[in-house]
Amino acid sequence: MIMNVTQSISWACSILTKSNSDDSKISAKVDAEFLLSYVLDKNFTWLKTWPDYELSDQQVNDYRVCIERRKKGEPVAYITGKKAFWELELETNESTLIPRAETELLVEFAVEALKPKVVAKVLDLGTGTGAIALSIAFERKNDQVVGVDFNRDAVLLAQKNALNNKVTNATFLQSDWFTAIEENEFDLVVSNPPYVAEGDPHLLEGDLVFEPDSALISSGDGLDDIRYIVRTTKNFLIPNGQLMIEHGYEQGEAVRKIFEDNQYTEVSTKKDLLGMDRVTMGRTSK
Ligand code: GLN
């Protein structure tokens, strides 16, 4: 079948739109355009400039496959194998969480907190694609950033992302939280750990359905990994070092209490762009 850019997008929208709501129409259009630009290997401006460009048979076929996968709910980032985060383009796969826009907030606070230091040592626990570690390393070329993940495939992916983005000051290790860490003088420890409680209905929605449970779910009330990290990180920070953790929007108070129970000082929670509690931080004593 012969289809041009405009026809392809409206065909994809008709497949992907789930309801009559504006949200559903907008999100279908965003996905349809994003996936077409991926298949054609052209940017968004190109799509707008060449609405009459006719797709080759191969391109029509590739686009059809992408749209069918998306229709089944597969995340766009797994279909294209990539996701933009901070200033980087990261490869993604089923071994890791897909980097979220809200996690850029953690990077922002980390970079801000490190400003007074000319050089710093930073540890990212549960690094996944390497998103947080690589963004900090990218912003602060003199720092040494270490990212760990217990999943070997995630470590390989993060290493590949470092190479692809030409980040040379971040190293990645396979480690079950701290097991492979020998250094105990980090200036800053950051983490976006699993924090969703088992049985949380969000796990049945959107991208989460396709993402690994190990990156999402933490036992008990969803806070067991955060408890472990907060308790153990103290042994890996310099005096007056900082810990910053991303968590769920309803967990701010509980996470602050965990920090305080572990004698961290200057404990505070930052809100995301939607005004929701998102990142809690604190310092070890001097
Ligand atoms: N913020 C993610 C979500 O609920 C969860 C990420 C995580 O558990 N670290 O979409």
Requested in this report: Among 50, 65, 122, pick out the residue whose Cα is farthest towards the positive end of the charge dipole of the range 39-132, where Lys and Arg carry +1 and Asp and Glu carry -1 on C-beta, about the Cα centre.
Outcome: 122
Query - Under the Debye formula (equal points on every Cα, no solvent term), log10 I(q)/I(0) of the range 74-216 at q = 0.12, 0.19, 0.20 Å⁻¹ - result: -0.45, -1.11, -1.21
Requested in this report: Pull up all non-local amide H partners of residue 195: gap of 5 or more, or a different chain, and H-to-H distance under 5 Å with H placed in the peptide plane.
Outcome: 218
Report task. Exposed loop GluC sites (Glu not before Pro) only (DSSP loop, at most 13 other Cβ atoms within 10 Å): please give the longest stretch of the chain free of them, not including the sites. Result -> 95-181
Requested in this report: Any lysines with Cα under 29 Å of the residue 42 Cα? List them, leaving off those in the same chain fewer than 8 positions away.
Outcome: 18, 25, 29, 71, 72, 82, 83, 160, 166
Query raised in the report: From the phi of every residue in the range 18-35, what ³J(HN,Hα) in whole Hz does the Karplus formula 6.51 cos²θ - 1.76 cosθ + 1.60 yield, where θ is phi - 60° and glycine or proline is x?
Result: 8, 8, 7, 6, 4, 4, 5, 5, 5, 5, 5, 5, 4, 5, 4, 5, 4, 5
Query raised in the report: How many angstrom separate the Cα center of the range 193-219 from the Cα center of the range 46-67?
Result: 34
Report summary line: Amide H neighbours of residue 143 at under 5 Å, excluding residues fewer than 5 places away on the same chain, with H built from the backbone geometry, are 120
Query raised in the report: For q = 0.10, 0.12 Å⁻¹, what log10 I(q)/I(0) does the chain give under the Debye formula with an equal point scatterer on each alpha carbon and no solvent?
Result: -0.58, -0.80
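Values in this text are rule-based calculations from the coordinates and carry no lab data. Just so we're clear, the structure is a prediction, and the values are computed from it rather than from any experiment. Every residue, glycine as well, gets a Cβ built from its backbone with ideal geometry; the counts of neighbours run over all protein chains shown.
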